[in-house]
Amino acid sequence: NMVITPTQTTSTIVTEQTGIRPQTISNGLDLRVFTPSPLSPDIGLALRHRLDLPADVPVILHVGRLDTDKRVDLVVRAAAQAMQSSDAHLLLVGDGREKAALVRLCKSLGIETRAHFPGFITTQQGLPEVYRLASLFVTASEIETQGIVLLEAAASGLPIAAVRAACIPEIVHHGENGFLSEPGNLDAMAHSITALLQNPALAKRMGQASHRLVQ
């Protein structure tokens, strides 16, 4: 039975009556599906075998369309820099028009044996387990309006290296659950990935912060 005057909004009335300011949440996830629960050794080894990943290496994960607007080329170049000082492998889940070009780019950068393109993987085909296998999530996309894969990564307890653009700062809080670099800044993104690979304790704390944030 509230009457909203021309100078009021539903938000201001709720805030006045409850003392709590409403917040907009663009999407939610089933946190029973996307979870940070560790994989059992058997499942983890089987999944690594399926993805052609060595048993103990860190995994840099990207999930998304392999198209120009997603700037996956920047992810590959930044990961290649970070991989010079790490035995990490790069896992690029998804398909798109740029897949062949990205495979060639990995070869030109000398990481073709450590870069993996398993194609599109659905939730039913084991995508939640792929997140749980990874060490960190990375994206260079500047066009995200919903950030579903970022939410999935956060729900899976992953630290995130991303760019300061669109909705991403709503999900990735710089210095809390990951690092944000300026769009197109290759060296900064490589530094973010390197920092997470070289400091597992930091990566773990940021992954825990990701999970708290998405909850």
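Tabulated results
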{"quantity": "Long-range neighbours under 8 Å by Cβ, at least six apart or interchain, first residue without any contact (Cβ under 8 Å) to a residue 60 or more places away in the chain within region 133-155, second open to solvent by 20 Å² or more (accessible area, probe 1.4 Å) and of a type in the set (D, E, K, R)", "calculated": "Leu150/Glu144"}
{"quantity": "Ile43 being modelled with pLDDT of 80 or more, under 16 Å from the mean Cα position of the chain (by Cα) and of a type in the set (A, V, I, L, M, F, W, C)", "calculated": "no"}
{"quantity": "Selection status of His174, farther than 22 Å from Ala80 by Cα and touching a strand residue (DSSP E or B) at 6+ places or on another chain (Cβ under 7 Å)", "calculated": "yes"}
{"quantity": "Qualifying residues in region 156-199 (those that are in contact (Cβ under 8 Å) with a residue 24 or more places away in the chain and of a type in the set (Ser, Thr, Tyr)) - the one surrounded by the fewest Cβ atoms within 10 Å (Cβ to Cβ)", "calculated": "Thr194"}
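The values are calculated or read from the model by the stated rules, or taken from the named source; none is laboratory data. Keep in mind that what you see is a predicted model, and the values were worked out from it rather than measured. Positions of Cβ are generated from backbone atoms using ideal geometry, with glycine treated the same way; all protein chains shown enter the neighbour counts. With ligands, DNA and RNA removed, areas are computed over all heavy atoms of the protein, side chains included. Shrake-Rupley method; radii C 1.70, N 1.55, O 1.52, S 1.80 Å.
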